[in-house]
Amino acid sequence: MVNYEEYYALGEQIHDTLIEIRGLENEMIELNKMLDSISHKLGAVDLFNMTVKQ
């Protein structure tokens, strides 16, 4: 026999998990932006250091 309450609860769990995954994807996008910014700044510092040493 089909227990609809269990199917409903499972559906809610799946939905909540998908929302959590979407949130994690958004966090990863933000972290990648931050890392790109840091990388760019470090590249500028390296370029500055190379020109100073010459």
- Query: How big is the chain by Rg and Dmax over its Cα atoms, in Å?
  - Reply: 23.4, 80
- Note on the structure: Toy charge model, Lys and Arg Cβ at +1, Asp and Glu Cβ at -1: the chain dipole around Cα centroid in debye, rounded to 20, equals 680 debye
- Message: So, for the chain, what is the accessible surface per residue at a probe of 1.4 Å, expressed in square angstrom?
- Response: 101 Å²
- Message: Tell me which of Leu10, Leu24, Val52 sits at the most positive position along the dipole axis of the chain, charges placed on C-beta atoms (Lys, Arg +1; Asp, Glu -1).
- Response: Val52
- Message: Using a 7 Å offset from the Cα along the Cα-to-Cβ direction at both Leu10 and Glu27, what is the distance between the two label points in nm, to one decimal?
- Response: 2.8 nm
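The values are calculated or read from the model by the stated rules, or taken from the named source; none is laboratory data. This structure is a prediction, so every number in the text was calculated from the model and none was measured. Don't worry about glycine lacking a Cβ; one is built from the backbone with ideal geometry, like all the others, and counts go over all protein chains shown. Only protein heavy atoms, including side chains, enter the accessible area calculation; ligands, DNA and RNA are left aside. Shrake-Rupley method; radii C 1.70, N 1.55, O 1.52, S 1.80 Å.
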